[in-house]
1. Which value, to two decimals, describes the C-alpha radius of gyration of the range B:256-297 once divided by 2.2 N^0.38 Å?
2. Name the residues whose placed amide hydrogens come within less than 5 Å of the amide hydrogen of C:Gly33, ignoring near sequence neighbours (fewer than 5 apart) on the same chain.
3. Which value, in debye to the nearest 20, describes the size of the charge dipole of the range D:180-333 about its Cα centre when Lys and Arg Cβ atoms bear +1, Asp and Glu Cβ atoms bear -1, and nothing else is charged?
4. Taking the label point as lying 7 angstrom from Cα along the Cα-to-Cβ axis, what are the distances from C:Glu108 to the corresponding position in the remaining copies, in ascending order and in nanometres?
5. Using amide H atoms built in the peptide plane, which far-off residues or other-chain residues are under 5 Å from C:Ile42 H to H?
6. To the nearest µm²/s, what D does Stokes-Einstein give for the range A:1-148 at 4 °C and 1.567 mPa s, using the Kirkwood radius over alpha carbon pairs as Rh?
7. Out of every Cα-Cα pair in the range A:19-105, what percent are more than 23 Å apart?
8. With just the Cα atoms defining each centre, how far is the range D:209-258 from the range C:64-126? Give it in Å.
4 protein chains.
Amino acid sequence: MIIVLRHGATERDILLIEEKIKSHGLSAHISRGTERTIIGAIGDERHVDPEAFEGLDYVEKVLRILKPYKLVSRDFKKEDTVITVRGQRIGGGAVALFAGPCSVEGREMMVGIGGMVASAGANFLRGGAFKPRTSPYAFQGLGEEGLRYLAEARDATGLPVATELMDPRDIDLMAKYADIIQIGARNMQNFRLLTEVGKLGKPVILKRGLSATIVEWLMSAEYIASEGNQEIILCERGIRTYEPATRNTFDVSAIPVVKALSHLPVIADPSHAAGKVSLVEPLSAAAIAAGTDGLMIEVHHEPEKALSDGPQSLRPEAFREMVSRLAKIAVAVGKTLGRA
Amino acid sequence: MIIVLRHGATERDILLIEEKIKSHGLSAHISRGTERTIIGAIGDERHVDPEAFEGLDYVEKVLRILKPYKLVSRDFKKEDTVITVRGQRIGGGAVALFAGPCSVEGREMMVGIGGMVASAGANFLRGGAFKPRTSPYAFQGLGEEGLRYLAEARDATGLPVATELMDPRDIDLMAKYADIIQIGARNMQNFRLLTEVGKLGKPVILKRGLSATIVEWLMSAEYIASEGNQEIILCERGIRTYEPATRNTFDVSAIPVVKALSHLPVIADPSHAAGKVSLVEPLSAAAIAAGTDGLMIEVHHEPEKALSDGPQSLRPEAFREMVSRLAKIAVAVGKTLGRA
Amino acid sequence: MIIVLRHGATERDILLIEEKIKSHGLSAHISRGTERTIIGAIGDERHVDPEAFEGLDYVEKVLRILKPYKLVSRDFKKEDTVITVRGQRIGGGAVALFAGPCSVEGREMMVGIGGMVASAGANFLRGGAFKPRTSPYAFQGLGEEGLRYLAEARDATGLPVATELMDPRDIDLMAKYADIIQIGARNMQNFRLLTEVGKLGKPVILKRGLSATIVEWLMSAEYIASEGNQEIILCERGIRTYEPATRNTFDVSAIPVVKALSHLPVIADPSHAAGKVSLVEPLSAAAIAAGTDGLMIEVHHEPEKALSDGPQSLRPEAFREMVSRLAKIAVAVGKTLGRA
Amino acid sequence: MIIVLRHGATERDILLIEEKIKSHGLSAHISRGTERTIIGAIGDERHVDPEAFEGLDYVEKVLRILKPYKLVSRDFKKEDTVITVRGQRIGGGAVALFAGPCSVEGREMMVGIGGMVASAGANFLRGGAFKPRTSPYAFQGLGEEGLRYLAEARDATGLPVATELMDPRDIDLMAKYADIIQIGARNMQNFRLLTEVGKLGKPVILKRGLSATIVEWLMSAEYIASEGNQEIILCERGIRTYEPATRNTFDVSAIPVVKALSHLPVIADPSHAAGKVSLVEPLSAAAIAAGTDGLMIEVHHEPEKALSDGPQSLRPEAFREMVSRLAKIAVAVGKTLGRA
């Protein structure tokens, strides 16, 4: 860690910094320039928060040298992590295709959509039983009943299912029904939840927080990994910006940036990013071209009638057509899409 | 709710929208202009998510007419909510002064700082026993032990204590030790936690999420209120922007904006907003001038040695001097600060 | 335009709004609901700024019904605008390939790079003679000398050249040397410059401002179009967000969003968006997959030695290889890339 | 400048960086750690753009040690710059009060409002003759005619006048009529305009760009200063964020941050920041409490009828009352407001 002091910092200031560095078990290397004094904190800086220095009055800036995350970094593990669930892969040259409704609304609905997306090429099913809703008055999901229908859809199609966990008290339900556990954007820094899914040992989809930096996102993955679970799938779902034309701004650059920093697979959720059905295909295409390891697509058989899900859902037939067009882009970048 | 259709929307599109409106229990009023058709959805739109319409391909935009929150709105209750805890008030002409360390680090430390800030004019104590940390390798707080020290500081000073809750499974500990429960910025949309503190019935400080809009923040307050708990204190703590000079951008406008929209008290946390001790006083002063109902200030007796807290902490003597200067600004706007 | 009044707005407030609407030549339609009064302003709202109403105390919100731009909108002109310059096309099924150095540094350099990118498939040359630099102490470009070298590179390759205009006083130089005039991101709302290039009548590349909304960007295009020049090429180059991993966040969604709203071609500048050479290819690929009409790529023969340009430049051989890979993606979406 | 190389950077990479550093006239100091190689670039780094290194593939990050601006920095000049125009001061313990209409609409209007704000305590007049408007169809200002009326208002009141310059070709008009020249937010990086006002030698109000960082803002001030003009008044006017409740987010922290970094005076424009008349007073109060050297307030005698200005304008009587309340806050921080 490199600490740049303000112009005019005194010897006492330097001494205090030095002590603080030593109290963290690091050693200090002081370099007095003509305009600024620079102090290097040498040793394992991973457990030291730059904020411990940044707020001090005589400190101008602090630069971390090492990355604050370790287990999830490319430095720690060179090869791509490939996750296999019930025979379906995420990572390693295939673009995984997660599809299904936003919320599980009923047995027939879930099993029906499951069958349709499976036949259109999806190799993972998705559907929410616990729904994080901005309004307390909105539909909050079917709960365990929804998980049961999801499991039935898995039995009917043979495809693994992914569903969201919102509360550490629901971890046993997840253990019972889910193949892959999703942590939603609003819970990306719900550290207790991260610890629990780290302990459970099932693969986890970790969505990027609404305004999380890539480093914060990887730090949340590190929480899961530090409990012994390295089967983490990062999911880019758009970030909050000033632009009102889309619900969120899909940060397509995050895909190659994360793949350079981490060995974990990265998938994309264009449905939530855009909030508009017309944007699902161009963003899916962009994600594949930029190197995504998977797509998560909302599909509903009657988007107009669905009370509880977003109108960014595609109809099954539109999904099928889109998949066949996207498959060509996957081929152009040397990959396959879904159940190739 | 007003729904503007795209140029070229067909009669079938209009019919589908109409059905969807009716399925939500509202009635539709259609107005065909020369360039656009506009549909009004009339009735209680509170339970209807504009996103249910926004993503549809033939919809151009949607305008909500009524506010999506009710119980926390100024429309619902005209007079300011004033909260009294152990004889100390938040709201109603007094600027409440919450002070204490970021983390509870030990018994002497907590009781000692508690006594110092009380004598300097603070009328509420703060201190974290459960700490949400970006890194799994950082100090996570003393847990129940910390809560006990906090309670001892309360006993010693007579001041009510506020502390953060991170996990619904810790609600009983909160019931036992805390006077006021804080929901941190990262948990503003942890809806399960909001529901639990709504049920508990102790006053709640609800921090604004890192990139929450004011409407989302009020919706999270509505979650708490909808469980029957209206003793909610909103806390502005800076929002995420592109500007790197401060840790967050303190949104001082949020204070008057929220006070116009809601009857709830609003306090400010300049320590976390700025991340720099030198900015704590100017931002505190700005918050008072803009109408805040309280301040939350981090105070530590040895900021340089504190491993576990931010260097945005003031020393007790600096805190005392700041309070005496800020009190003049409170007087200039017709209020009192802390233990007047 | 629809104006929603606050709860409690008086008859006098309604009357004042009505008068204000009439003073803009529109008529007012008042609808008194149980909770809110809503006023419709009927007529050509294009010349009325919603801000003229938004700031009024008794107004809660204002919704524009019609788009504020006209000439550049898809409503005004259904078919895609295709621009042809010296036989090379932008729009209409071909992905135009603009390539060249950030700054023109000398005759040999410009002619040399021009020849290399032309042979690698570029069909437009780019190079800056006037450089907008954040620092007054940085290299500001060669000025007219640079324009001459650019013209020589055009003569040598036969390819049209695009270069940036920064000052209305340089318009005659542009008329003399440039085939396409670029308006940089920092000048997107330099309205005098927009008016001048509107009058000149040469094709214009209009870069999106650093934090411009898509509507503001189209309004700046409308400035140019309103002077009679419809040959406008919109260029997405990344927007400012809180994320520090990339210089800007490349808003790939802007491509399909703009193509839905406007008939103008949209190109992408991944070099400036990312600021990292390693991101140029994935972002270029994403842009093609999302429907871009062109790419603008910085190429330099010695990026390490170049003082005056960004290290996001590709070497000519890397550019050539990238073009051959990107061409496959273009084919997968039914298009051709560069000099097909 | 400190350059951190990626894990795995080769000796050849190090050599290339070293050469690049030397080509900028600096010397390189290489430090090979176990995990990362760090290179210090020693010497006057002010003319070196960190981007010249950041985009290189084997570079992980770059930290600038010295500030990129010099003449406007507090390091260069310790004491506050105080600017005096026609006997009225900006900086040095007084809060200057600029008031007047957004646009000059006519002679009587301008002279009338001028007289009213002067009698209410303003000590500078403001009014736009050239208006940067998002729409080409909106009122663009009266031009020279407006400048003449502004000069008449100055003659009538004795107060200096500030007005906006949009085009370098209008510099002679400014020389003739204006006392203080304003550079608007949209032109903060119109470097040609900055150079021209730097040469003219009249005091300049430099508004912060819509999404400018504080460093970029100071770099634009450096452009003016580097031409020999140090009479620069920085003006915070809100920045662009994701929050829709206010037109812009007023960055009150910018006031103390800039005053720590620079010797230049900083004023605040709460009218444009908020876009709501009800927010003008709380934001003005916040700015005074945070240490502003001045306020810029829009005043209009008939805000409802004004076609060409924002409804964030106060009526003269409301302005007068606000000034008397704000004066108390100025006193509480040891300052005076306007014509004390």
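Just so it is clear, none of the values below were taken in a lab; they were calculated from the coordinates. None of these values were measured; they are calculated from a predicted model. Please note: Cβ atoms are built from the backbone with ideal geometry, for glycine as well, and neighbour counts cover all protein chains shown.
1. For the range B:256-297, the normalised Cα radius of gyration comes out at 1.16.
2. Hits under the 5 Å cutoff: C:Ile38.
3. 40
4. 7.3, 7.5, 7.9
5. Residues meeting the criterion, in which the H sits 1.01 Å from N, are C:Ser27, C:Ala28, C:His29.
6. 63
7. 52
8. With the range D:209-258 and the range C:64-126 each reduced to a Cα centre, they are spaced 34 Å.
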